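Written out below as structure tokens is the structure these notes cover.
The values are calculated or read from the model by the stated rules, or taken from the named source; none is laboratory data. Being a predicted model, the structure only gives us computed values, none of them experimental. Cβ placement follows ideal geometry from the backbone for every residue including glycine, while neighbour counts extend to all protein chains displayed.
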Amino acid sequence: MTLNDLEKKRKKYRNRIFLSMIIFAIIICYTLANIETLGDFAFLSVILGVAISLLLTLGPKKKYSKAYKEYIVLRGLKEIFTDLNYEPESGMPRSAIADTHMMYMGDIYKSNDFISGKYKDVTFSQADVDIQEERETTDSDGNTTTYYVTIFRGRWMVFDFNKEFKANVQVAQKGFGNNRVKERGLFSKKDDKSYYQNVKMESESFNKRFNVYAQSEHEAFYILTPSLMEKIERLDDNNKGKILLCFINNRLHIGLYDNKDSFEAPNCLFKINEEKELNRTNGDIKVITQFVDELNLDNTLFKKLSINNEQTNKAQQENNTINQNPINNQQQVVNEQTISNQTNMNNQNNI
């Protein structure tokens with residue numbers, strides 16, 4: 001793929017748009033001139049014009065978009081990420097979000113521009129996600145109309161988190177909407193640890209911006225240190241959309257509700273400015289990398305400490321088990337005595 005190839009596909013898409021507009025205009029003019037003769041068929045002629053326009057432009061549009069992502073977007077991604085997998089036509093699996101039980105999933109789910117890889121050795125995946133809810137309204141005559149409301153449109157990102165934790169935590173920016181958690185009710189079981197409670201953090205400025213829900217208040221304070229809360233506030237300042245952070249199963253899910261589609265091709269009516277498009281792609285990439293950079297997700301100190309603690313505890317438990325078992329201790333003494341006697345016999349034979 002070259003810039004010249006991309007320009008050819010852009011021009012073909014542009015020309016098809018012009019052709020479809022001309023055909024549609026002719027159909028409209030003909031319909032208006034013969035509206036009395038056509039009668040009820042006048043509306044059908046308009047539908048025909050729309051259908052012809054879609055047939056003429058849909059194929060070239062997809063080819064232009066594919067070429068743009070191969071030439072511009074993929075090149076930008078390769079410069080930043082390792083172990084890269086980019087699938088423009090695929091998306092984040094619905095189950096990846098639904099299984100968190102922290103987001104209302106609506107009735108219609110769409111996703112594309114799936115990217116996975118590593119940045120600063122931090123494994124991640126991300127995609128554009130559009131979630132809509134079907135609603136109905138009934139007028140005074142009893143006629144029902146179905147319409148759809150967007151409940152999330154933006155990026156969904158998943159990162160390996162640099163701290164191990166034992167309970168899940170949700171941080172929802174106020175105004176995000178449609179996030180959810182399982183809250184304890186009047187008849188909930190007291191010993192059920194899957195329920196979430198609203199936790200007030202020590203930072204007043206953080207509490208003004210975000211709601212925190214956690215299965216364990218202790219884990220909320222363990223994860224959300226004063227330093228991390230300040231970083232989350234900076235991320236809020238640097239992004240126009242609303243943010244949802246889900247700390248679940250030692251991973252960090254981030255929903256950025258900004259009503260945007262990332263890595264999209266520019267208007268086909270104008271010539272491609274390669275430098276400008278690469279910069280625009282880098283801006284879309286920065287939306288991913290900023291979370292790793294700002295939250296220091298590449299700092300594995302806490303995981304190393306956790307591993308060392310586990311190894312120390314395991315060794316201590318093994319020692320305790322040996323010390324508490326007199327049979328094992330006696331057997332160890334017998335084995336040591338046998339080895340000592342065998343060594344003495346070998347020494348005498350050598351003499």
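Looking across the range 95-113, the residues that are within 26 Å of Y147 (Cβ to Cβ), buried (at least 16 other Cβ atoms within 10 Å of the Cβ) and of a type in the set (S, T, Y) come down to Y109, S111.
Residue-by-condition table, conditions (1) among the small types (G, A, S); (2) under 30 Å from L278 (Cβ atoms):
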| position | (1), (2) |
| --- | --- |
| M21 | no, no |
| I28 | no, no |
| A42 | yes, no |
| T57 | no, yes |
| K62 | no, yes |
| T82 | no, yes |
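Among the numbered conditions (1) crowded, with 18+ Cβ neighbours inside 10 Å; (2) part of a helix (DSSP H, G or I); (3) of a type outside the set (A, V, I, L, M), the only one that W156 does not meet is (2).
Residues in the range 252-287 that are part of a helix (DSSP H, G or I), closer than 17 Å to N112 by Cβ and not aliphatic (A, V, I, L, M): T281, D284.
Residues checked against (1) modelled with pLDDT of 85 or more; (2) in contact with a strand residue (DSSP E or B) (Cβ under 7 Å, 6 or more places away or on another chain); (3) aromatic (F, W, Y):
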position	(1), (2), (3)
A33	no, no, no
L38	no, no, no
F43	no, no, yes
A51	yes, no, no
L58	yes, no, no
K61	yes, no, no
S65	yes, no, no
Y71	yes, no, yes
R75	yes, no, no
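Residue count for the range 194-217, restricted to those that are touching a residue at least 40 places away in the same chain (Cβ under 8 Å) and either within 23 Å of the chain's Cα centre (by Cα) or in a helix (DSSP H, G or I) (or both): 5. What is the number of the single condition among (1) among the basic types (K, R); (2) over 30 Å from F161 (Cα atoms); (3) in contact (Cβ under 8 Å) with a residue 40 or more places away in the chain that K8 does not meet? Every listed condition holds for K8 apart from (3).
Check the range 237-245 and report whether any residue there is in contact with a helix residue (DSSP H, G or I) (Cβ under 8 Å, 6 or more places away or on another chain), modelled with pLDDT of 95 or more and either surrounded by 15 or more Cβ atoms within 10 Å (Cβ to Cβ) or closer than 28 Å to G283 by Cα (or both). Yes, the range 237-245 contains a residue that is in contact with a helix residue (DSSP H, G or I) (Cβ under 8 Å, 6 or more places away or on another chain), modelled with pLDDT of 95 or more and either surrounded by 15 or more Cβ atoms within 10 Å (Cβ to Cβ) or closer than 28 Å to G283 by Cα (or both). Residues in the range 34-50 that are surrounded by 13 or more Cβ atoms within 10 Å (Cβ to Cβ), in contact with a Leu (Cβ under 9 Å, 6 or more places away or on another chain) and within 21 Å of M21 (Cβ to Cβ): A42, S45. Annotation: K66 fulfils all but one of (1) within 30 Å of I248 (Cβ to Cβ); (2) not in a strand (DSSP E or B); the unmet one is (1).
When Q126 is tested against (1) touching a residue at least 40 places away in the same chain (Cβ under 8 Å); (2) outside any strand (DSSP E or B); (3) touching a helix residue (DSSP H, G or I) at 6+ places or on another chain (Cβ under 7 Å), just one condition goes unmet, and that condition is (2). Might you let me know whether the range 95-108 holds any residue that is of a type in the set (D, E) and either closer than 22 Å to K66 by Cβ or not in a loop (DSSP other than H, G, I, E, B) (or both)? No, the range 95-108 contains no residue that is of a type in the set (D, E) and either closer than 22 Å to K66 by Cβ or not in a loop (DSSP other than H, G, I, E, B) (or both). Under the condition of being modelled with pLDDT of 70 or more and under 17 Å from K166 (Cα atoms), the residues counted in the range 183-197 number 4.
Filtering the range 246-290 down to residues that are farther than 22 Å from D160 by Cβ and in contact with a strand residue (DSSP E or B) (Cβ under 7 Å, 6 or more places away or on another chain), which residue is surrounded by the fewest Cβ atoms within 10 Å (Cβ to Cβ)? Looking at the filtered set, the residue picked out is N259. The single residue among D83, D99 that is of a type in the set (D, E, K, R) and touching a Gly at 6+ places or on another chain (Cβ under 7 Å) turns out to be D83. A single member of K69, K120 is basic (K, R), more than 14 Å from the chain's Cα centre (by Cα) and surrounded by 18 or more Cβ atoms within 10 Å (Cβ to Cβ), and it is K69.
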